[in-house]
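Enquirer: Take a look at the following structure, please.
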There are 2 protein chains.
Amino acid sequence: MDGVRAMLFDTFGTVVDWRGGLIKHFQTWGAARGITADWAGLADSWRLAYVPSMETVRTGQRGWADLDELQRESVAELAPRFGITALHGDGVEELVRMWHDLPPWPDSVEGLRKLRTRYVVAPLSNGHVALLVRLARAAGITWDTVFGADIFQHYKPDPETYLGAAALLGCEPGEVMLVACHPSDLDAAAACGLRTCYVSRPLEYGPGVVVEAPPEKGRFTLRVEDLLELSRIAGC
Amino acid sequence: MDGVRAMLFDTFGTVVDWRGGLIKHFQTWGAARGITADWAGLADSWRLAYVPSMETVRTGQRGWADLDELQRESVAELAPRFGITALHGDGVEELVRMWHDLPPWPDSVEGLRKLRTRYVVAPLSNGHVALLVRLARAAGITWDTVFGADIFQHYKPDPETYLGAAALLGCEPGEVMLVACHPSDLDAAAACGLRTCYVSRPLEYGPGVVVEAPPEKGRFTLRVEDLLELSRIAGC
């Protein structure tokens with residue numbers, strides 16, 4: 001941890017449980033409308049559409065579009081496949097807004113609170129500032145500041161995000177640690193000179209589902225079970 | 001307050017007492033080095049250099065330069081006039097860093113805490129993100145996010161700052177209120193469609209010193225004595 005002054009946190013999956021949150025929101029929403037569907041399947045398919053939808057921005061096929069806009073397009077296309085038909089504009093917006101209110105993992109709020117006593121802590125997410133502010137307020141998380149992808153007009157893993165956040169914090173890349181449960185995100189940060197902490201989130205995609213293999217020892221600066229373990233290692 | 005979702009706060013003067021803070025820092029710094037000088041005069045002259053130094057960026061005479069850079073140049077020129085000679089690089093940095101740690105006015109921390117229970121609160125300052133984060137941590141202030149001028153690469157009163165912050169919050173300009181003790185800042189925000197709240201800070205430039213005349217009634221949406229009064233009006 002020598003020389004680390006700031007910690008950046010991937011958010012969806014690392015800090016909040018998007019899958020559990022979405023499924024719960026879907027159930028409530030469906031119950032109020034007499035709709036039943038494979039909600040877990042919709043959550044997983046929607047999340048699966050997330051990376052390719054960002055790719056269209058990252059590769060320059062389209063101009064800047066924030067996550068709400070991308071999620072809006074994805075869910076409008078996906079919903080009918082799950083038997084959710086006649087989804088109007090308001091319905092789409094209700095579904096998109098579910099990404100603004102997702103439950104933190106049990107250790108997130110307290111882990112971040114402790115880490116903030118010694119380090120500058122901020123999300124570095126592919127969400128936009130407005131979404132991340134709402135998410136933090138709903139979850140009871142306090143950040144020092146918020147780095148949404150819209151500030152950089154780039155999505156992770158573009159280097160502009162990691163280096164842009166370090167620059168805005170007045171830090172050298174090596175003074176910043178990215179904390180994430182996705183090895184690919186951490187690899188991209190490491191390539192920019194950031195320190196890296198892998199946090200295990202075995203339930204992110206549902207029990208027993210592994211999307212990215214956990215990293216071998218030594219691949220990242222740190223490897224922890226949760227944010228409370230990180231706070232202990234970091235001396236908070 | 002109808003429809004207001006977020007409040008942005010000018011910082012130097014409105015939230016923190018730059019003058020009292022600088023004078024105190026100068027005294028401590030001078031005492032450790034056996035230097036005495038007209039510290040209040042230096043603080044006032046330094047602050048006076050602030051607007052013209054930003055003008056060189058605002059008018060395009062130079063590229064982006066953050067407040068540390070501008071303050072560095074100003075103080076290096078001013079210090080000798082106050083008898084502070086042989087100021088080396090480290091000394092200049094020590095002085096510049098004093099702007100990163102300034103005391104909040106007595107009502108600021110509690111006022112902002114209350115306002116944050118109902119509104120998104122963030123600074124909108126000509127300071128940069130790194131400075132503002134440090135300032136908030138030192139003062140015990142919790143923001144939802146931080147808008148430094150470096151995010152927009154524009155200084156207030158450029159419209160890019162007011163409109164840029166509203167856009168990042170996902171708000172229409174009319175859903176955002178700027179809170180400031182400087183009528184000129186509020187006028188520029190109002191011209192962009194923001195609501196405005198004038199807060200009286202009679203000690204900003206020292207007892208009895210008026211730099212901008214207080215605004216007549218009705219010029220701004222609200223006019224309050226301090227942030228606690230604002231929190232009461234805002235129903236927090």
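The values are calculated or read from the model by the stated rules, or taken from the named source; none is laboratory data. Source: prediction; values computed, not measured. In this analysis, Cβ positions are derived from the backbone assuming ideal geometry, glycine residues included, and neighbour counts consider all displayed protein chains.
Enquirer: Would you mention how many residues in region B:150-160 are part of a helix (DSSP H, G or I) and either more than 14 Å from chain A (Cβ to nearest Cβ) or among the charged types (D, E, K, R) (or both)? Show your work before the answer.
Expert: Keep residues of region B:150-160 that are part of a helix (DSSP H, G or I), which gives B:150-152, B:159-160.
After this cut, where a residue has to be either more than 14 Å from chain A (Cβ to nearest Cβ) or among the charged types (D, E, K, R) (or both) as well, the list is B:150, B:159-160.
Adding up the residues that qualify gives 3.
Enquirer: Hey, another quick one. Hey, among B:P159, B:P103, B:P80, which residue is out of contact with any Ser or Thr (no Cβ under 6 Å at 6 or more places or on another chain) and either on the phi > 0 side of the Ramachandran plot or modelled with pLDDT under 95 (or both)?
Expert: One residue alone meets the criteria, B:P80.
Enquirer: Quick check on this structure: which one of A:T145, A:T85 is in a loop (DSSP other than H, G, I, E, B), more than 12 Å from chain B (Cβ to nearest Cβ) and free of Cβ contacts under 8 Å to residues at least 40 places away in the same chain?
Expert: On the way: A:T145 fails: more than 12 Å from chain B (Cβ to nearest Cβ).
After ruling out the rest, the residue left standing is A:T85.
Enquirer: How about region B:112-142: which of its residues are closer than 17 Å to A:V129 by Cβ, part of a loop (DSSP other than H, G, I, E, B) and more than 7 Å from chain A (Cβ to nearest Cβ)?
Expert: B:Y119, B:S125, B:H128, listed by residue number.
Enquirer: Same structure again: Look through B:A165, B:A190 and report the one residue that is of a type outside the set (K, R) and under 16 Å from the mean Cα position of the chain (by Cα).
Expert: After applying the criteria, what remains is B:A165.
Enquirer: Next question. Taking the stated definitions as given, is A:H128 on the phi < 0 side of the Ramachandran plot, under 13 Å from the mean Cα position of the chain (by Cα) and assigned by TED's automatic domain parsing to the domain that holds A:D10?
Expert: When the stated conditions are applied, A:H128 passes them.
Enquirer: Further, regarding this structure: Check B:P207, B:P202, B:P157 and return the single one that is outside the structural domain of B:R47 (by TED's automatic domain parsing) and more than 18 Å from the chain's Cα centre (by Cα).
Expert: On the way: B:P202 fails: more than 18 Å from the chain's Cα centre (by Cα); B:P157 fails: more than 18 Å from the chain's Cα centre (by Cα).
Of the residues listed, the single one that is outside the structural domain of B:R47 (by TED's automatic domain parsing) and more than 18 Å from the chain's Cα centre (by Cα) is B:P207.
Enquirer: Go over the candidates B:V92, B:V57, B:V75 one by one and state the one that is outside the structural domain of B:V176 (by TED's automatic domain parsing), surrounded by 18 or more Cβ atoms within 10 Å (Cβ to Cβ) and farther than 26 Å from B:V209 by Cβ.
Expert: Just one listed residue meets the conditions, B:V57.
Enquirer: If you don't mind, another one. For region A:88-104, indicate whether the set of residues that are touching a residue at least 60 places away in the same chain (Cβ under 8 Å), under 18 Å from the mean Cα position of the chain (by Cα) and facing chain B (nearest Cβ under 8 Å) is non-empty. It would help to see each step written out before you state the result.
Expert: If we filter region A:88-104 for residues that are touching a residue at least 60 places away in the same chain (Cβ under 8 Å), which is where we start, we get A:94-95, A:98-99, A:101-104.
Of the ones still in play, those that are also under 18 Å from the mean Cα position of the chain (by Cα) are A:95, A:98-99, A:101-104.
Within this subset, residues satisfying the condition of being facing chain B (nearest Cβ under 8 Å) are none.
No, region A:88-104 contains no residue that is touching a residue at least 60 places away in the same chain (Cβ under 8 Å), under 18 Å from the mean Cα position of the chain (by Cα) and facing chain B (nearest Cβ under 8 Å).
Enquirer: Can I ask one more? What do you reckon, is A:G111 closer than 24 Å to A:C197 by Cα and either in contact (Cβ under 8 Å) with a residue 24 or more places away in the chain or within 16 Å of the chain's Cα centre (by Cα) (or both)?
Expert: Yes: the conditions hold for A:G111.
Enquirer: Hey, can you tell me all the residues within region B:210-234 that are not hydrophobic (A, V, I, L, M, F, W, C) and either not in a loop (DSSP other than H, G, I, E, B) or not assigned by TED's automatic domain parsing to the domain that holds B:G174 (or both)?
Expert: Within region B:210-234, B:R223, B:E229, B:S231, B:R232 qualify.
Table: residues versus (1) farther than 19 Å from A:A136 by Cβ; (2) among the acidic types (D, E); (3) in contact with a helix residue (DSSP H, G or I) (Cβ under 6 Å, 6 or more places away or on another chain).
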{"residue": "A:F147", "(1), (2), (3)": "no, no, yes"}
{"residue": "A:P157", "(1), (2), (3)": "yes, no, yes"}
{"residue": "A:L178", "(1), (2), (3)": "no, no, yes"}
{"residue": "A:D187", "(1), (2), (3)": "yes, yes, no"}
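Enquirer: Which of the residues spanning region B:172-197 are in a strand (DSSP E or B) and touching a Leu at 6+ places or on another chain (Cβ under 6 Å)?
Expert: B:V176, B:L178, B:A180, B:T196, B:C197
Enquirer: Here's another thing I want to ask about it. Of the residues that make up region B:162-169, is at least one surrounded by 19 or more Cβ atoms within 10 Å (Cβ to Cβ) and either modelled with pLDDT under 95 or more than 14 Å from every other protein chain (Cβ to nearest Cβ) (or both)?
Expert: Yes, that holds for at least one residue.
Condition check ((1) exposed (fewer than 15 other Cβ atoms within 10 Å of the Cβ); (2) modelled with pLDDT of 95 or more; (3) under 19 Å from B:P104 (Cα atoms)) across all residues:
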{"site": "B:V4", "(1), (2), (3)": "no, yes, no"}
{"site": "B:W29", "(1), (2), (3)": "no, yes, no"}
{"site": "B:G34", "(1), (2), (3)": "yes, no, no"}
{"site": "B:G41", "(1), (2), (3)": "yes, yes, no"}
{"site": "B:R62", "(1), (2), (3)": "yes, yes, no"}
{"site": "B:L67", "(1), (2), (3)": "no, yes, no"}
{"site": "B:L70", "(1), (2), (3)": "no, yes, no"}
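Enquirer: Exactly one of these conditions fails for B:G3: (1) touching a helix residue (DSSP H, G or I) at 6+ places or on another chain (Cβ under 9 Å); (2) at negative phi. Give me its number.
Expert: The number of the failed condition is (2).
Enquirer: I'd like the full set of residues that are hydrophobic (A, V, I, L, M, F, W, C) and free of Cβ contacts under 8 Å to residues at least 60 places away in the same chain, limited to region B:1-44.
Expert: B:I23, B:A31, B:A32, B:I35, B:A37, B:W39, B:L42, B:A43
Enquirer: Being out of contact with any helix residue (DSSP H, G or I) (no Cβ under 9 Å at 6 or more places or on another chain) and either among the hydroxyl-bearing types (S, T, Y) or free of Cβ contacts under 8 Å to residues at least 60 places away in the same chain (or both) narrows it down to one residue among B:V224, B:V210; which is it?
Expert: B:V210
Enquirer: Let me ask you something else. Look through A:T14, A:T56 and report the one residue that is farther than 20 Å from A:G91 by Cβ and part of a helix (DSSP H, G or I).
Expert: One residue alone meets the criteria, A:T56.
Enquirer: Further question on the same structure: Return yes or no: is B:E229 out of contact with any helix residue (DSSP H, G or I) (no Cβ under 6 Å at 6 or more places or on another chain), over 30 Å from B:T59 (Cβ atoms), within 12 Å of another protein chain (Cβ to nearest Cβ) and of a type outside the set (A, V, I, L, M, F, W, C)?
Expert: Numbers: out of contact with any helix residue (DSSP H, G or I) (no Cβ under 6 Å at 6 or more places or on another chain): yes; over 30 Å from B:T59 (Cβ atoms): yes; within 12 Å of another protein chain (Cβ to nearest Cβ): no; of a type outside the set (A, V, I, L, M, F, W, C): yes.
The answer is no for B:E229.
Enquirer: Next question. Only residues that are closer than 18 Å to B:L67 by Cα, in contact with a Phe, Trp or Tyr (Cβ under 7 Å, 6 or more places away or on another chain) and touching a residue at least 40 places away in the same chain (Cβ under 8 Å): list them for region B:148-190, please.
Expert: The answer is B:A149, B:Q153.
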